[in-house]
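Structure record follows, encoded as structure tokens.
Just so you know, all these numbers are worked out from the coordinates, no wet-lab data involved. What you see is a predicted model; the values in this text were computed from it and never measured. Cβ atoms come from the backbone with ideal geometry, glycine included; neighbour counts cover every protein chain shown.
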Amino acid sequence: MTFSPVLPIGGFAGYAFLKRTMAAQTAAFTAQASVKRDEAYFRDKIGTINTAEELVKDQRLLRVSLAAFGLEDDVPNKYFIRKVLEDGTLKTDSLANKLTDKRYAKLATAFSFNLSTPRTKLSDFADKILKDYETKQFAVAVGQQNEDMRLALNAEQELPALASSSSSASAKWYSVLGNGPLRTVFEKAFGLPSSFGAIDIDKQVETMQRRAESLFGANTVDQFSDPEKVDTLVRKFLIRSEVESYNLGMSRGQVALTLLQNANSF
């Protein structure tokens with residue numbers, strides 16, 4: 001039987017329930033036979049992998065590896081992933097460094113196939129990857145029922161790490177904008193319109209900085225190393241999303257009512 005997270009209600013109240021029951025629900029999720037099989041296979045095989053080519057040839061290893069970084073949709077893109085992994089991140093012109101989405105850089109750094117000895121040879125490598133795999137896959141299961149909650153879980157996991165990284169203040173905002181799930185959370189929490197992504201990227205950063213300072217008292221991503229500010233961001237995102245869904249439902253209901261009234265007039 002496939003485990004489905006228990007989400008009795010939506011919105012922020014539902015998310016609060018999810019967080020209260022997270023430990024028990026995550027344990028139940030990772031206890032599934034399918035998850036256990038994937039993890040056992042990964043532990044058994046990953047230490048034998050020496051190159052990016054070997055990794056992408058093993059569909060099962062590749063799927064777990066990419067899922068640990070939220071990149072499971074890229075499993076079919078084997079040549080692209082191989083290039084990302086082989087280039088690494090040490091050179092400024094490497095593919096991962098050119099990509100706006102920095103999850104690829106994290107992937108390349110984690111495996112380090114560009115070094116003489118890849119990290120797959122480290123004794124704790126499997127533990128680290130599988131911990132992220134479990135977290136991300138649980139979020140995927142949550143997202144199958146409520147995508148907003150998946151985005152909230154993702155933000156709580158990724159934002160503090162980005163905030164405490166050594167990147168410059170501007171680079172961190174570009175990373176937010178380049179990370180689709182994080183970008184969605186910020187845009188909705190900040191009340192930005194759907195057309196926001198069409199403006200110049202530098203203007204987008206400036207807008208993000210202004211909104212951040214207005215709502216949180218500082219214009220940098222660094223402030224989100226504070227768990228309370230991450231919690232506030234997630235709460236704003238979920239509440240705005242719930243309001244939008246409610247308004248959309250009301251609008252559809254009004255349209256349906258109007259059509260019904262018009263039909264009755266004939």
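Which FRET efficiency value, to the nearest 0.05, is calculated for residue 210 and residue 54 with the Förster distance at 30 angstrom and r the Cβ-Cβ distance?
Values: r = 48 Å, r/R0 = 1.59.
After rounding to 0.05, the efficiency reads 0.05.
If each Cα of the chain is one equal point scatterer, what is log10 of I(q)/I(0) from the Debye formula at q = 0.10, 0.11, 0.12, 0.16 Å⁻¹? Calculated log10 I(q)/I(0) at the listed q: -0.60, -0.71, -0.83, -1.29.
Grab the beta carbon distance between residue 220 and residue 98, set R0 = 30 Å, and tell me the FRET efficiency rounded to 0.05. If you can, show how the numbers build up before the last one.
On the way: r = 24 Å, r/R0 = 0.81.
Step by step, r from the Cβ atoms, then E = 0.80.
Taking the longest Cα principal axis of the chain as reference, the axis of helix 33-45 is set at about 30 degrees. Full extension of the segment from residue 121 to residue 78, taken as 0.36 nm per residue of separation minus the current Cα-Cα distance, would add 13.3 nm.
Can you tell me the FRET efficiency between residue 9 and residue 169 if r is taken as the Cβ-Cβ distance and R0 is 30 Å, rounded to the nearest 0.05? That pair, residue 9 with residue 169, gives E of 0.20. For the stretch 91-240, the Stokes-Einstein estimate of translational diffusion at 20 °C and a viscosity of 1.002 mPa s comes to 129 µm²/s, using the Kirkwood hydrodynamic radius over alpha-carbon pairs.
Against the chain, whose longest principal axis comes from its Cα atoms, helix 78-87 is set at around 60 degrees.
Could you put 222, 87, 73 in order, starting from the residue whose Cβ has the fewest other Cβ atoms within 10 Å? Walk me through the numbers on the way to the answer.
Working: 222 15, 87 20, 73 9.
Ascending Cβ contact count within 10 Å gives the list 73, 222, 87.
Here the stretch 129-214 is treated as a sphere whose radius is the Kirkwood value from Cα pairs; by Stokes-Einstein at 20 °C and 1.002 mPa s it diffuses with a coefficient of 154 µm²/s.
Got a sec? How would 15, 246, 41 order by Cβ neighbour count within 10 Å, fewest to most? Write down the numbers at each step before the final one.
Numbers: 15 23, 246 11, 41 14.
Fewest to most other Cβ atoms nearby, the residues stand as 246, 41, 15.
Equivalent ellipsoid of the stretch 11-143: semi-axes from √(5λ) of the C-alpha gyration tensor, largest first, are 28, 18, 12 Å.
Between the stretch 152-214 and the stretch 16-85, the alpha-carbon centres lie 26 Å apart.
What ranking do 228, 53, 86 get, fewest neighbouring Cβ atoms within 10 angstrom at the top?
Details: 228 8, 53 13, 86 17.
Ascending number of Cβ neighbours within 10 Å: 228, 53, 86.
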